[in-house]
Each structure stands twice: as structure tokens, then as C-alpha cells.
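Comments concern the structure below.
The values are calculated or read from the model by the stated rules, or taken from the named source; none is laboratory data. These figures come from a predicted structure and were not determined experimentally. Neighbour counts are summed over all protein chains in view; Cβ atoms, including those assigned to glycine, are modelled from backbone coordinates with ideal geometry. Just so you know, the surface numbers come from the protein's heavy atoms only, side chains and all, with ligands and any DNA or RNA stripped out. Shrake-Rupley method; radii C 1.70, N 1.55, O 1.52, S 1.80 Å.
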Amino acid sequence: QVQLVESGGGLVQPGGSLRLSCAASGNIFNLYARDWYRQAPGKQRELVATITKGGSTNYADSAKGRFTISTDNAKNTVYLHMNSLKPEDTAVYYCHAVQGLYHYWGQGTQVTVSS
């Protein structure tokens, strides 16, 4: 079993920045990919950014140039650095990890971008 705990969400003004964290614990051996998803009210959950065990990254078009995903392997933590935030970035952000055939999710952290 793997546990994922997100933190760092909150209320920010348009143009502001936030850093989300996702700490993994438990049987974290051979976690292949770590992702951030988000779900806005009335919308489907969507992939925002991915980082593989090898360090390759991929971003949704809406995140390119503004968001950066990174890892601190010593802390088993993945970060999502979000800059130039827009009201349309408002959503619950979820951490996700893959281990073999298993998928794990965090509980989500709310990000609200509003003036």
C-alpha cells in the first residue's frame, strides 16, 4: 500500500503562485510515475503534469510554461510549482502514483484563484 498526502493549496489572486506538495509513504518501492490531476466543479478530472521515475516530464497544454513538476527523492515528495495562476486553474488538485498495476490517489487539495 502507498499513501499520498497533498498539501499547499489555498486561495491566491490571479497572477499569483502556489506550490503543491505530495508526500508518499508506505511501500513506495518502484513507484513508476507521479502525476498531478485536477477537477473543477462540473468537469471531469484532467491530467495536469506527469514525472516518471526516470525524470521525464509531460504537461497539459493549459499548464505548459506556467507549471513545473519536480521531485525530491530523499523526501519521497513530488511538487507542482504553479505560476501565473488564472481563475480557470481553480480546482481540487489530486496527486496520483502508479506502482505496477496499482493506482494510488491522494485526498486532494483545493486551489482557488480569485481576486
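Heavy atoms of the protein chains alone define the surface here; on that basis the chain has 55 Å² accessible area per residue at 1.4 Å probe size.
Projected label points at Asn27 and Leu101, each 7 Å from Cα along the beta carbon direction, are separated by 1.3 nanometres. Summary of the geometry: the range 7-66 and the range 77-115, compared by the centres of their Cα atoms, lie 4 Å apart. Of the solvent-accessible surface of the chain, computed with a 1.4 Å probe and all protein chains present, 49% belongs to carbon and sulfur. One chain, two ends: Gln39 and Asn83. Fully extended at 0.36 nm per residue, the span grows by 14.0 nm beyond their Cα-Cα distance.
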